[in-house]
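Undergrad: Submitted below is the structure of interest, expressed as structure tokens.
The values are calculated or read from the model by the stated rules, or taken from the named source; none is laboratory data. In this text the structure is predicted, and so the values were computed from the model without any measurement. Positions of Cβ are generated from backbone atoms using ideal geometry, with glycine treated the same way; all protein chains shown enter the neighbour counts. Note: areas computed on protein heavy atoms with side chains; ligands, DNA, RNA excluded. Shrake-Rupley method; radii C 1.70, N 1.55, O 1.52, S 1.80 Å.
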Amino acid sequence: MRRPILAANWKMNKTNAEAIEFVRSIRRGLTEIAGVDRVLCPPFTALAMVRELLLPTGILLGAQNMHWEEKGAYTGEVSPGMVKELCQAVILGHSERRTYFGETDEKINRKVVAALAHGLLPIVCVGETEAQYDAGQTAQVVGSQVRGCLAGLSAEQVAGLVVAYEPVWAIGTGKAATPGGAGAVIGLTIRGAIAELYGEGTALAVRVQYGGSATPANIAEFMAHPDVDGALVGGASLKPDFVELVRNAAEAKGVLE
Ligand code: PGA
């Protein structure tokens, strides 16, 4: 059985003072939900502080991005080794990185390779835009993102990473996908592409999250879909009821202790 994984993508939110206060308010509740992986992804500036607060809890820490190079003249970038010093996971290829910062499948692929080489858990984001959805191109777009981002990896590496399916039109809009719609893209398109490339066993082993306007109220429906292993949560991860979201997710998968 795939272990559910709920990840909080804070994006560019929370100063250190705000991060400390917030993590203190949720860590006890999150610690108790041990049947699922819980990952907090604060901005780079808060990673060291949040790490200290999470040390005894079993809650994982993730970065929201990183560069693929080890070091050098890349002003403003953060290397895999630097992320690894603080984190266990890293979000790669989020649609906002693709849209605003020119990330392509090829660049994301380099980042995935580098993250795996450093023993980081990559959360690799894919998803179609609204125009692509309207044009009926979802399967083609998402399939090609999966193939591009995961190119050249071993089946074992793919089995160990996390893919986040985030339809761009559902991110931050309050307009979540339907669980059936998201589950179909995850089951048929994402696991389908992985099965073709790396075999059926790998497609069944890889964990795939849904992302896009997930809330404490709708998470259980997504988790009820057998192909959905968790969620990458933006807006709803900034508030204390993120604990409720994670609890509802664990309960829906039958792993609430
Ligand atoms: P949202 O963001 O939950 O605010 O829609 C999800 C994401 O961008 O990862």
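Undergrad: Scanning for something modelled with pLDDT of 95 or more, closer than 30 Å to Ala117 by Cβ and more than 14 Å from the chain's Cα centre (by Cα), does segment 169-187 turn up at least one residue? Spell out how you get there, then give the answer.
TA: Restricting attention to segment 169-187, the residues satisfying the condition of being modelled with pLDDT of 95 or more are 169-187.
Cutting the leftovers down to closer than 30 Å to Ala117 by Cβ gives us 171, 185-187.
Now drop any that are not more than 14 Å from the chain's Cα centre (by Cα), which leaves 185, 187.
Yes, some residue in segment 169-187 is modelled with pLDDT of 95 or more, closer than 30 Å to Ala117 by Cβ and more than 14 Å from the chain's Cα centre (by Cα).
Undergrad: Testing Trp68 on (1) open to solvent by 30 Å² or more (accessible area, probe 1.4 Å); (2) part of a helix (DSSP H, G or I); (3) farther than 28 Å from Val23 by Cα; (4) not polar (S, T, N, Q), one condition comes back false. Which one is that?
TA: (2)
Undergrad: Next question, about the same structure. If you take the residues in segment 9-31 that are among the small types (Gly, Ala, Ser) and under 13 Å from Leu47 (Cα atoms), which one is farthest from the ligand (Cβ to nearest atom)? Give the steps one after another, and end with the answer.
TA: So the first thing to find is which residues in segment 9-31 are among the small types (Gly, Ala, Ser), and the list is 17, 19, 25, 29.
From what is left, the residues that are under 13 Å from Leu47 (Cα atoms) are 17, 19.
Values: Ala17: 22, Ala19: 17 Å.
My answer is Ala17.
Undergrad: Quickly run through segment 165-202 and pick out the residues that are in contact (Cβ under 8 Å) with a residue 40 or more places away in the chain and closer than 16 Å to Ala236 by Cα.
TA: Glu166, Ala170, Ile171, Gly172, Thr173, Ala176
Undergrad: Over 21 Å from Val162 (Cα atoms) and among the polar types (S, T, N, Q): is that true of Thr15 in this structure?
TA: Details: over 21 Å from Val162 (Cα atoms): yes; among the polar types (S, T, N, Q): yes.
It is true that Thr15 is over 21 Å from Val162 (Cα atoms) and among the polar types (S, T, N, Q).
Undergrad: Name the single residue, out of those in segment 122-141 being open to solvent by less than 50 Å² (accessible area, probe 1.4 Å) and within 16 Å of the ligand (Cβ to nearest atom), that is farthest from Val208 (Cα to Cα).
TA: Glu128
Undergrad: A further question follows. Tell me which residues, restricted to segment 172-214, are of a type in the set (Val, Ile, Thr) and in contact with a Ser or Thr (Cβ under 8 Å, 6 or more places away or on another chain).
TA: Step one: of segment 172-214, the residues of a type in the set (Val, Ile, Thr) are 173, 178, 185-186, 189-190, 194, 202, 206, 208.
Selection gives Thr173, Val185, Thr189, Ile194.
Undergrad: Please enumerate the residues belonging to segment 33-48 that are in a helix (DSSP H, G or I) and surrounded by 15 or more Cβ atoms within 10 Å (Cβ to Cβ).
TA: Those that are in a helix (DSSP H, G or I) and surrounded by 15 or more Cβ atoms within 10 Å (Cβ to Cβ): Phe44, Ala46, Leu47.
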